Amino acid sequence: MIAGAVGSSVADHLAPYGADDPASESVRAEKLLTDAGYSAPGVIVLINNADPRSSAGEARVAGIERQLKNRGDVETVVGFRQTRDSAFVSQDGDSTYLAVTLTDNDDSRRQESAKQIIAQLKGEPGVSVGGVAAATAQVNTQVQKDLTRAEMLAFPLLFLLSLLFFRSLVAALLPLMIGALAIIGTFFFLRLASDLGSISIFALNLTTGLGLGLAIDYSLFIVSRYREEIAISGPGAAAMLRTMQTAGRTVFFSSLTVAAALASLLVFPQRFLHSMGLGGAIVALLASLVALTVLPAVLELLGNQVNALAPKFLARRAVRDAKHEKDGFWYRLSRFVMRRPVPIATFSALFLIILGLPFLGITFGAVDAQVLPAGASARQVDNMIQKDFPPFRDTPIRVVVQGGDPGSAAAVRTRLGRIAGVASVRQPLRVSPGLTMIEAISTARFTSPESDATVKRIREITPPAGSAILVTGASADFVDFQSSLRSNLPLALAIVIIASLVILFLFTGSVILPIKALIMNALNLSAVFGLLVLIFQDGRFEGLLNYQSTGGIEQSMPILLFAVAFGLSTDYAVFLLSRIKEARDEGASESECVAIGLERTGRIITAAALLFAIAIGAFATSEIIFIKENGVGTALAVLIDATIIRALLVPSLMALLGRWNWWAPAPLRRLHDRIGIAESGPPTRQPATQG
């Protein structure tokens with residue numbers, strides 16, 4: 001109750017996307033300007049059918065200026081009337097725009113001001129409102145709409161498929177209960193975290209999809225195991241004890257792999273990434289906690305009633321699932337694969353490698369007005385500014401000159417005018433004593449390689465004696481964001497890889513299986529990244545997925561998908577390997593234990609992956625393109641993992657390696673004997689038949 005009450009307002013307390021690294025040069029320069037009282041224009045008001053050089057057009061523009069200047073949250077309004085700069089006049093001479101500077105630098109208050117300006121000018125014919133603050137406000141509003149729509153679409157479909165996969169109406173309700181509790185709990189913790197620091201609103205999307213998906217995974221695994229146990233010993237404490245000693249233990253450590261993978265995002269200073277890491281890690285742990293406490297209590301109360309309200313054909317399937325007959329589909333498939341390990345392993349790996357090749361040509365993009373749907377005013381204004389006005393005036397490279405004599409800024413301006421990639425340089429603006437800002441206009445879009453090179457050339461300028469030069473602005477922000485990602489990526493990779501290796505070793509006692517799992521995860525991820533490039537960067541399926549390609553992939557998306565997909569893939573690996581090892585410990589041969597393990601988990605993992613893909617893939621309906629990329633990418637990752645990886649690569653490689661699958665150096669073997677995790681408990685079945 002408390003968590004629901006507190007967490008329900010979480011969206012109102014969260015911040016925008018957030019790509020800043022406080023240690024980067026661009027952010028430090030921006031802080032110098034802000035502390036000195038400078039604020040960049042946050043709102044752009046585009047006025048069509050108004051030539052400001054004509055008396056009628058000037059009068060119309062002046063009227064809109066007065067409306068804006070009468071607002072207490074507007075500091076300045078700059079346009080053609082103030083500057084006589086032709087850059088404020090469209091190429092056809094029929095439109096102009098006003099650059100509006102807001103009095104407040106706080107993100108939330110700037111967004112609110114932008115919303116109010118949009119509402120105020122809504123009735124003005126031919127007037128549209130855009131700019132950074134307006135785009136941010138519209139993105140945040142759209143995220144909340146997308147979240148609601150995704151939930152409305154996903155829940156009914158998840159329930160229907162859960163009924164099919166869980167085999168009864170009662171069991172089908174359990175993952176929705178687990179997911180709802182985990183999501184509410186995570187919203188509560190995110191609300192508390194928002195009072196301690198800045199949390200991005202985009203964490204809500206990942207939290208909702210991941211919470212539902214993991215709740216389904218954990219519920220399906222525990223319920224299926226409980227059905228096995230009550231088929232052997234009947235409902236009661238013994239069946240639940242065995243379930244928790246086996247499936248419960250696996251769920252706990254599986255959740256640690258997901259949480260560790262997502263927690264790796266906390267090393268990034270960008271608000272977007274560390275918010276995703278925090279929300280994802282919390283929801284993974286809470287989904288596990290609820291699945292290991294609330295779910296067993298409910299199952300204990302239900303007993304055989306967990307199979308209640310099931311159509312007869314589903315009831316028959318539930319009985320057959322619990323017995324795991326050796327003529328089952330997954331048993332036969334694994335035997336087929338293991339009789340042909342070389343061609344199947346080669347073909348599967350080659351197929352994934354080919355899918356991943358387009359990733360070599362990836363182009364990165366940023367989060368700006370272009371991520372909005374086509375109907376959003378901020379995107380429309382951005383499109384018209386780029387098309388009808390001298391381009392790139394709204395995203396200048398800002399050069400901050402600190403210290404020096406009165407001629408330092410002029411000297412820097414002269415040098416800027418000689419740099420390749422600079423179209424024009426504006427007059428220096430004295431922000432405060434000893435601090436001057438000069439705006440250089442790039443010849444290319446701020447996310448382009450050309451602007452990247454221009455920023456780097458500007459940073460190579462030797463400052464005049466006694467002065468220092470810092471570079472900020474959209475182009476510099478983009479350059480610094482990529483640099484920050486590259487510098488923090490090795491630590492994030494190390495966290496994910498080490499955590500995965502340790503957990504899989506503790507489960508299996510092998511050093512081969514964890515390494516093999518890492519290789520398969522890498523193949524999976526490369527395929528997903530390649531498909532994202534084919535779809536979103538190259539603009540395929542625009543009609544089907546309802547988007548317009550921006551010509552690149554949002555630059556943090558591969559890192560986010562790496563953490564999410566890697567954690568989920570290791571999660572599924574733990575599910576499968578735990579049952580393979582259990583069968584091996586019960587006496588099955590090397591090939592038989594793989595067949596038994598796949599038979600016992602194949603249906604569960606495939607069903608869980610399909611349900612998870614729907615839960616998080618629902619965000620493919622988002623009208624924010626990089627949220628759509630996240631939904632599609634994660635869905636592809638879990639589906640590829642549950643099919644090509646688990647059904648083909650795992651059994652074929654295990655057949656090739658045989659006993660070497662379980663090899664470990666003697667010291668590590670002794671360590672595992674002491675502290676390893678085993679799916680063991682009181683024996684309730686006869687040892688598996690040798691094969």
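The values are calculated or read from the model by the stated rules, or taken from the named source; none is laboratory data. This structure is a prediction, so every number in the text was calculated from the model and none was measured. All Cβ positions, even for glycine, are placed from backbone atoms using ideal geometry, and neighbour counts span all protein chains on display. Heads up: the accessible areas ignore ligands, DNA and RNA and are worked out on the full protein's heavy atoms, side chains in. Shrake-Rupley method; radii C 1.70, N 1.55, O 1.52, S 1.80 Å.
Prolate is the label for the range 226-285. Its Cα gyration tensor axes, ordered a ≥ b ≥ c, give a/c of at least 1.5 and a/b above b/c. Nonpolar atom fraction for the range 379-493, defined as the carbon and sulfur part of the 1.4 Å probe accessible area, stands at 54 percent.
The charge dipole of the range 75-126, taken about the Cα centre with unit charges on the Cβ atoms of Lys, Arg (+1) and Asp, Glu (-1), comes to about 100 debye, rounded to the nearest 20. In this structure the amide hydrogen of Asp51, modeled in the peptide plane, comes within under 5 Å of the amide hydrogens of Gly57, none closer than 5 places in sequence on its chain. The range 222-259 and the range 97-170 have Cα centres lying 41 Å from one another. Across the options Leu506, Gly551, Phe541, the greatest Cα extent toward the positive end of the charge dipole of the range 401-556 (unit charges at beta carbon of Lys, Arg, Asp, Glu) belongs to Gly551.
Placing unit charges on the Cβ atoms only, positive for Lys and Arg and negative for Asp and Glu, gives the chain a dipole magnitude near 1620 debye about its Cα centre.
For the peptides 366-377, 210-221, 653-664, the ranking by mean Cβ contacts within 10 Å, running from highest to lowest, is 210-221, 366-377, 653-664.
Here the range 356-395 is treated as a Stokes sphere of Kirkwood radius computed over C-alpha pairs; at 25 °C and 0.890 mPa s its diffusion coefficient rounds to 205 µm²/s.
Just to be sure I understand the rule: take each whole DSSP H helix in the chain, project its Cα atoms onto its long axis, keep it if the span is 24 Å or more and its mean Kyte-Doolittle hydropathy is at least 1.0. Which ones pass? Display every interim value, and only then the final one.
Values: long enough: 132-166 (47 Å, 0.94); 169-196 (42 Å, 1.98); 203-233 (44 Å, 0.73); 271-302 (43 Å, 1.77); 474-508 (49 Å, 1.50); 512-532 (30 Å, 1.76); 557-585 (41 Å, 0.86); 590-617 (37 Å, 1.12).
The qualifying helices are 169-196, 271-302, 474-508, 512-532, 590-617.
If amide hydrogens are placed 1.01 Å from N in the peptide plane, which non-local residues have theirs closer than 5 Å to the one on Thr76? Long-range HN contacts for Thr76: Thr101. Where a ≥ b ≥ c are the square roots of the eigenvalues of the C-alpha gyration tensor, would you call the range 549-664 rounded, which needs a/c under 1.5, or, failing that, prolate if a/b is larger than b/c, or oblate? In terms of gyration-tensor shape, prolate.
Heavy atoms of the protein chains alone define the surface here; on that basis the chain has 39 Å² accessible area per residue at 1.4 Å probe size.
To the nearest 0.05, how large is the calculated FRET efficiency for Thr643 and Ser483 if R₀ is 41 Å and r is the Cβ-Cβ distance? About 0.65, to the nearest 0.05. Counting lysine pairs in the chain that sit 8 or more residues apart in sequence, or on different chains, and whose Cα atoms lie under 28 Å apart gives 20. Among Ser255, Pro22, Ser194, flag the residue with its Cα farthest along the positive direction of the charge dipole of the chain, charges on Cβ as +1 for Lys/Arg and -1 for Asp/Glu. The residue sitting most towards the positive pole is Ser255. Across the chain, Cα pairs under 8 Å and at least six residues apart give a relative contact order of 19 percent.
Amide H contacts of Ile553: Thr363, Phe364, Gly365, each under 5 Å away and 5 or more positions distant or on a separate chain (H built 1.01 Å from N in the peptide plane; Pro and chain starts excluded).
Given a Förster radius of 30 Å and the C-beta distance between Ile461 and Ser198 as r, what FRET efficiency does 1/(1 + (r/R0)^6) yield to the nearest 0.05?
Numbers: r = 33 Å, r/R0 = 1.09.
For R0 = 30 Å, the calculated efficiency reads 0.35.
In the chain, the ratio of gyration radius to Kirkwood radius, Rg to Rh, stands at 1.05 when only Cα atoms are counted. For a modelled paramagnetic label at Arg430, 7 Å from Cα along Cα-to-Cβ, the residues of the range 389-411 in reach, with backbone nitrogen under 15 Å, are 401-411. The phi-based Karplus calculation (6.51 cos²θ - 1.76 cosθ + 1.60; θ = phi - 60°) puts the 3J(HN,Hα) values of the range 540-552 at 8, 6, 4, x, 5, 8, 6, 8, 10, 4, 8, x, x Hz, whole numbers, x for Gly and Pro.
More than 18 angstrom separation, counting every C-alpha pair in the range 66-145; what % is that? I get 46 percent for the Cα pairs in the range 66-145 exceeding 18 Å.
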